[in-house]
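Chemist: One structure is given below, represented as structure tokens, and several questions about it will come after.
The values are calculated or read from the model by the stated rules, or taken from the named source; none is laboratory data. Remember, predicted model here, so these are calculated numbers, not experimental data. Quick reminder, even Gly has a Cβ in these numbers, built from the backbone with ideal geometry, and neighbours come from all protein chains shown. The area values use the complete protein model at the heavy-atom level, side chains included, leaving out ligands, DNA and RNA. Shrake-Rupley method; radii C 1.70, N 1.55, O 1.52, S 1.80 Å.
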Amino acid sequence: MPPLTRSLRERIRELEDDLTAPERRIGAYHDMPFAIFRYDPEEEFEVRAEVRALAKRLERHGRQVRVLSLGQLMYEALEEVLGPAGMEELFRAEAEHGVDRAIDTVHRILTEIRPLSEMVCQQLLALDPQNAVLFLTHAGDLFPVFRTSALLESLIGRVRVPLVLFYPGKLEGAVGLRFMGVCEAEHSYRPRIY
């Protein structure tokens, strides 16, 4: 008989309890104040509503909450680097040459030209590490061009604000995560998984 899984709301409540505790115990390592809230990709809209409600409850507890859409950051980076005409050219190239070339172009932009990790760090500058929390949402928008494991790895040692990545994927074993439920399971995540 498979083990009983905790509901989405039970896990949100556990995350909330940990974020409102005086020591905000979400991260297991001092240089990684991260946690991952894993949910099934088909729960995306329910999770978005839960995130908004959780942010309001945390603010009532005196926490400063910043909700940051990874999808929006990706589109901002693409617009900044390619401009509107370049975006249209990217779509044309995808139609003519296949999706792999477009994926490579977007991945290169997000890792080398306008790194996603730098954009996240810029958002953290105005936040008080003692009182704030950052929620990274819309991670599914990065699929299939960018893996969230690479983002979290690049943030190690650079982030002091507690950060929660809302991760659409499947859990495999105790710590294996399959991004969007399709990618091969990544077992190198060290943050706590809710």
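Chemist: Which residue, PHE37, PHE135, PHE143, has the most motion in a Gaussian network model of the chain that connects Cα atoms within less than 10 Å?
Modeler: Result for the chain, Cα springs under 10 Å: PHE143 fluctuates most.
Chemist: If r is the Cβ-Cβ distance from GLU96 to MET180 and R0 is 22 Å, what FRET efficiency results, to the nearest 0.05? Write down the numbers at each step before the final one.
Modeler: Working: r = 26 Å, r/R0 = 1.17.
The computed FRET efficiency comes out at 0.30.
Chemist: I've got another one for you. Divide by every residue of the chain the summed helix terms, -39500 (n - 2.57) for each DSSP H run of at least 4, and state the resulting mean residue ellipticity at 222 nm, rounded to the nearest 500 deg cm²/dmol.
Modeler: Working: 6 runs with 85 residues, N = 194.
Calculated from helices alone, the mean residue ellipticity at 222 nm is -14000 deg cm²/dmol.
Chemist: When the solvent-accessible surface of protein heavy atoms is calculated with a 1.4 angstrom probe, in what order do ASP104, ASP40, ASP18, ASP128 fall, highest first? Let's see the in-between values first.
Modeler: Numbers: ASP104 100, ASP40 40, ASP18 10, ASP128 70 Å².
Output order, biggest surface exposure first: ASP104, ASP128, ASP40, ASP18.
Chemist: In whole Hz, what ³J(HN,Hα) sequence does region 40-53 give by Karplus (6.51, -1.76, 1.60; θ = phi - 60°), x for Gly and Pro?
Modeler: In residue order, the calculated couplings are 5, x, 6, 8, 3, 6, 5, 5, 4, 5, 5, 5, 4, 5 Hz.
Chemist: Here's something else I'd like to know. Give me a comma-separated list of calculated 3J(HN,Hα) values for region 81-91, in order, Karplus coefficients 6.51, -1.76, 1.60 applied at θ = phi - 60°, integers in Hz, x for any Gly or Pro.
Modeler: Values, residue by residue: 7, 9, x, x, 5, x, 5, 5, 5, 4, 5 Hz.
Chemist: Please figure out what share of the DSSP beta bridges in the chain is antiparallel and state it in percent, rounded to the nearest 5.
Modeler: 25
Chemist: Is the C-alpha gyration tensor of region 73-145 telling us rounded, prolate or oblate? Criteria: a/c under 1.5 is rounded; beyond that, a/b larger than b/c is prolate, otherwise oblate. Kindly include the intermediate steps, with their values, before the conclusion.
Modeler: Numbers: a/c = 3.07, a/b = 2.34, b/c = 1.31.
Verdict is prolate for region 73-145.
Chemist: Just to be sure I understand: with springs between alpha-carbon atoms less than 10 Å apart, which residue in GLU79, GLU172, GLU23 has the highest mean-square fluctuation in the Gaussian network model of the chain?
Modeler: Its mean-square fluctuation being the largest, the pick is GLU23.
Chemist: So what is the accessible area of the chain per residue, in Å², with the probe set to 1.4 Å? Walk me through the numbers on the way to the answer.
Modeler: Numbers: 10210 Å² over 194 residues.
Normalised by residue count, the accessible surface of the chain is 53 Å².
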